[in-house]
Amino acid sequence: MQKSYQIKVYGRVQGVGFRWFAQNLAQECHIVGWVQNENDGTVDMKIQGDAVDMINFLEKVKRGPGPYSHVEKIVKQPIASFDSNNFAIR
């Protein structure tokens, strides 16, 4: 079953390779959508995929790309499905 979410990631998530990490992870987990930095220091994602793949993706996102990043919290909001066939960095 397909799930679609708007995700807001808080913490030390800019300048640490987070978007690149999210893109590679999304490809590995068969997730489509996009990721972008926001002016408030958060990272915003629009993601879509199978429910099981989504759980796997979000669990790994919580860990972040490495020792220089720190995810404080993730806010997940269900959204309407959208058309995409890849995961882009914006």
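Taking amide H as placed 1.01 Å from N in the peptide plane, PHE87 has its amide H under 5 Å from the amide H of GLY33, each at least 5 places away in sequence or on another chain. The fraction of all Cα pairs in the chain landing in successive 5 Å bins from 0 to the largest distance is 3, 16, 29, 29, 16, 6, 1, given as whole percents. Among ALA80, ALA51, ALA26, the largest mean-square fluctuation in a Gaussian network model of the chain, built with springs joining Cα atoms closer than 10 Å, belongs to ALA80.
Under the definition of Cα pairs under 8 Å and six or more residues apart, what whole-number percent is the relative contact order of the chain?
Relative contact order for the chain comes out at 47 percent.
As an exercise, identify the chymotrypsin sites (Phe, Trp or Tyr not before Pro) in the range 43-90 lying in DSSP coil whose Cβ has no more than 15 other Cβ atoms within 10 Å. Write out the running numbers ahead of the final one.
Values: sites: PHE57, TYR68, PHE82, PHE87; in loops: TYR68, PHE82.
Of the chymotrypsin sites (Phe, Trp or Tyr not before Pro), the ones in loops of the range 43-90 whose Cβ has at most 15 other Cβ atoms within 10 Å are TYR68, PHE82.
To the nearest ten degrees, helix 18-29 and the longest principal axis of the Cα atoms of the chain are 30 degrees apart.
Local charge sum around HIS30 (other residues, Cβ-Cβ under 9 Å, Lys/Arg +1, Asp/Glu -1)? Let's see the in-between values first.
Numbers: positive: none; negative: GLU28, ASP50, ASP53.
Net charge around HIS30: -3.
Between HIS70 and ASN86, the modelled labels are 3.5 nm apart [label points 7 Å from Cα along Cα→Cβ]. Over all other residues within a Cβ to Cβ distance under 15 Å of LEU58, the charged ones net out to +2, with Lys and Arg as +1 and Asp and Glu as -1.
The charge dipole of the chain, taken about its Cα centre with unit charges on the Cβ of Lys, Arg, Asp and Glu (plus for the first two, minus for the last two), comes to roughly 200 debye.
FYI, it's all coordinate maths here, none of it is from the lab. This one's a predicted model, so the numbers in the text were calculated from it and none came from an experiment. Here Cβ is always computed from backbone atoms with ideal geometry, including for glycine, and neighbour counts include all displayed protein chains.
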